[in-house]
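J.: Below is the structure I would like to discuss, written out as structure tokens.
The values are calculated or read from the model by the stated rules, or taken from the named source; none is laboratory data. Everything numeric in this text was worked out from a predicted model, so none of it was measured. Heads up, the Cβs are rebuilt from the backbone with ideal geometry, glycines too, and the neighbour counts pull from every protein chain shown. To get the accessible areas, we keep the full protein, side chains included, count just its heavy atoms, and leave off ligands, DNA and RNA. Shrake-Rupley method; radii C 1.70, N 1.55, O 1.52, S 1.80 Å.
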Amino acid sequence: QVYLVESGGGLVRAGGSLRLSCAASGRTFNNYAMGWFRQAPGQWREFVSAIRWSGSYASYADSVKGRFTISRDNAANTVYLQMNSLKPEDTAVYYCAANPGIMTNRQTAYDYWGRGTQVTVSS
């Protein structure tokens, strides 16, 4: 079992920045690829970004490419999502998730999920 707790969400104006954190506990953190997903009101949950267990490779949804950066600190059992140039359409609940397999944008590959943190971007 892997337990994930997100933090760092909040209210920010368009153009601003936030840094989300996801603290993991339980099984060995660096055995897992990690992902960030988000769900806006009335919409399906969607992929945002993922990072390989080693941190050597990451992928991003087109909507956030160039604005968001995912990173991880395996010694601290934490994955981060740095979000810059935020837009109102980034408003959503952001979830981190752990995947024991390869890095992927498929939600079904992720076995463990946090409860999410709310990000609200005002115009």
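J.: Could you compute the net charge surrounding GLY9? Neighbours are other residues with a C-beta less than 15 Å from the C-beta of GLY9; K and R count +1, D and E count -1.
T.: +2
J.: Within the accessible area of the chain, what % is carbon and sulfur when the probe is 1.4 Å and the other protein chains stay in place?
T.: 47
J.: Which shape class, rounded, prolate or oblate, goes with region 45-90 when its Cα gyration tensor gives a ≥ b ≥ c as root eigenvalues, a/c under 1.5 marks rounded, and past that a/b bigger than b/c marks prolate?
T.: The shape class here is prolate.
J.: Could you go through region 102-119 in sequence order and give the Karplus-derived ³J(HN,Hα) for each residue, using 6.51 cos²θ - 1.76 cosθ + 1.60 with θ = phi - 60°, rounded to whole Hz, and x for Gly and Pro?
T.: Going residue by residue, I get 7, 5, 7, 9, 7, 4, 5, 7, 8, 8, 10, 9, x, 8, x, 9, 7, 10 Hz, with x marking Gly and Pro.
J.: Classify region 5-48 as rounded, prolate or oblate from the Cα gyration tensor: take a ≥ b ≥ c as the square roots of its eigenvalues, call it rounded if a/c is under 1.5, otherwise prolate when a/b beats b/c and oblate if not.
T.: oblate
J.: Measuring with a 1.4 Å probe in the full set of protein chains, what accessible area per residue, in whole Å², belongs to the chain?
T.: Heavy-atom accessible area per residue stands at 52 Å².
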